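Worksheet: the structure to be examined is printed underneath.
The values are calculated or read from the model by the stated rules, or taken from the named source; none is laboratory data. Every value quoted in this text rests on a predicted model; they were computed, and no experiment measured them. Cβ coordinates were reconstructed from backbone atoms using ideal geometry, including for glycine residues, and neighbour counts include every protein chain displayed. In case anyone asks, the SASA skips ligands and DNA or RNA and just uses the protein heavy atoms, side chains included. Shrake-Rupley method; radii C 1.70, N 1.55, O 1.52, S 1.80 Å.
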Amino acid sequence: MRLFFNQTSPYARKVRVAIHELGLNDAIQFIEVDPWLELHHFTDINPLSRVPALVLANGTLVTESDTIGQALHGLTIDSRLIPNEEPARHLCLGRVALYQGLIDATFICAIEGRRPSEMRWADWVARQERAIARTLSSIEPRFDLDDRRFDLGDIGLACALDYIDFRAGHLSWRSERPRLAGWFERARVRSSMIATRPC
Ligand SMILES: N[C@@H](CCC(=O)N[C@@H](CS)C(=O)NCC(=O)O)C(=O)O
């Protein structure tokens, strides 16, 4: 199998962390690409020119980080990434989607920041920042932050929080969310998170 990724993509990082957590590093060839360049050697494989992109052993292309997560889950016999039973399965997938939204909102802010200043849309960025703040505040009291588990949802949350620190550090989210901050301090030092830090 081949995984096309880049170092700073939070979406690719979720997949890299999941691979590490499953102990599948040796089964996968990691190929670093810059998706923004739209180079033929990558677009011939993924016409969307987006990372992450996983090519399975039979040549099938799988795109979208959470779809790749489900494909990785399908390769294993255990339920570390996604519980097999309901309602745990739906609860996990619900968290996966919510945290993907956190990454999306932060990514939008980062992309806006790359535009020439006269083309930036400040209200759009402010809307994303409000969505990030509300979502983090909703996690603090409601969500089950269980240290014995590090499933696809937890991987998404850890990658989202690290991405917020990386690209939107001014949001200073920790002070009003001590539970979440404590959980993240433990999650961010897992070997899978350390091995995949943007460099
Ligand atoms: N929803 C996708 C998002 C993937 C994505 O936007 N990746 C970015 C890098 S962080 C990319 O490759 N962008 C290039 C482009 O959209 O042209 C996922 O979850 O995998």
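Ellipticity at 222 nm from helices only: DSSP H runs of n ≥ 4 in the chain, each -39500 (n - 2.57), divided by the residue count, give -17000 deg cm²/dmol.
Each part reduced to its alpha carbon centroid, region 176-199 and region 1-58 end up 22 Å apart. Sorting the Cα pairs of region 71-129 by distance into bins of 10 Å, from 0 upward, gives 20, 32, 19, 19, 9, 0 percent per bin. Normalised radius of gyration (Cα atoms, divided by 2.2 N^0.38 Å) for region 88-190: 1.10.
Nonpolar atom fraction for region 88-190, defined as the carbon and sulfur part of the 1.4 Å probe accessible area, stands at 54 percent. When you count the other C-beta atoms within 10 angstrom of each residue and take the mean per peptide, 161-169, 88-96 line up highest first as 161-169, 88-96.
Calculated accessible area for the chain comes out at 52 Å² per residue, all protein chains present (probe 1.4 Å; ligands, DNA, RNA ignored). Take every DSSP beta bridge whose two residues both sit in region 2-73; close to 60 percent of them are antiparallel. Size descriptor for region 47-89, Kirkwood hydrodynamic radius: 11.5 Å (Cα pairs only, one decimal).
Normalised by the number of residues in region 2-73, the average gap of Cα pairs under 8 Å and 6 or more apart makes the relative contact order 39 percent. One quarter of the convex hull surface built on the alpha carbon atoms of the chain amounts to 11.8 nm², the projected area averaged over directions. Note on region 1-108: semi-axes of the ellipsoid equivalent to its C-alpha gyration tensor, largest first and rounded to whole Å, are 24, 17, 11. Among beta bridges from DSSP that stay inside the chain, the antiparallel ones total about 60%.
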